[in-house]
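Everything below concerns the one structure shown next.
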Amino acid sequence: MSATKKVADDATKTTQDATSSAAAAANDGVERLTQGMSKFGSLGQENMEAFMSSLTTMAKGFEKIGQENMAFAKSQMEAGSERMQTLAKAKSPQEFFETQSQIVRDAFEQQISQTNKVSDMMISTVREAAQPISKRYSVMVDTMQAR
């Protein structure tokens, strides 16, 4: 009986060890899965925050661009009456057409300058708005590569 008891005890111990190992492995797996899900959850939240930051930057940038365009339009309207007065003071058709040509050249140069200014503002706004998303993309790539 003692040999049978020893075999039974060994079998019981082996079963208990295997059960303990399986339970530990399962607990470890669940813990790692939970940590991973938590990490991806926080990554998702951080991504959303970066996206909202980007949208806020874009909105502020477009607001500034709109204000700039309104200020330019206002200045052009005010300058328009001055231009008309200058044209009205012309003493001859030649002077009228020379003045008109100069006014058109000036207006064209001002429009080009304004277009360049607004383009620069747009590029700056988009570049600034892209930074939070670009940083989050780098974090996501690093996180995925680490797995």
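The values are calculated or read from the model by the stated rules, or taken from the named source; none is laboratory data. Everything numeric here is computed off the predicted structure, so don't read it as measured data. Cβ coordinates were reconstructed from backbone atoms using ideal geometry, including for glycine residues, and neighbour counts include every protein chain displayed.
Odds and ends about this structure:
Rundown of residues vs (1) without any contact (Cβ under 8 Å) to a residue 60 or more places away in the chain; (2) surrounded by 12 or more Cβ atoms within 10 Å (Cβ to Cβ), yes/no style:
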position	(1), (2)
Ser92	yes, no
Glu98	yes, yes
Ile103	yes, yes
Asp106	yes, yes
Ile123	yes, no
Arg127	yes, yes
Pro132	no, yes
Tyr137	yes, yes
Met140	no, yes
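- Consider segment 18-68 and keep the residues that are modelled with pLDDT of 70 or more and among the basic types (Lys, Arg). The one that is nearest to the chain's Cα centre (by Cα) is Lys60.
- Within segment 89-108, the only residue that satisfies the criterion of being under 19 Å from Phe72 (Cα atoms) and acidic (Asp, Glu) is Asp106.
- Pair list, Cβ under 6 Å, 6 or more apart: segment 50-68 residue over 13 Å from Ser124 (Cα atoms), other residue in a helix (DSSP H, G or I) and among the hydroxyl-bearing types (Ser, Thr, Tyr): none
- Checking each residue in segment 43-101 for being under 30 Å from Gln131 (Cα atoms) and polar (S, T, N, Q) picks out Gln45, Asn47, Ser53, Ser54, Thr56, Thr57, Gln67, Asn69.
- Residue among Arg127, Arg105, Arg83, Arg136 that is closer than 30 Å to Arg32 by Cα and in a helix (DSSP H, G or I): Arg136
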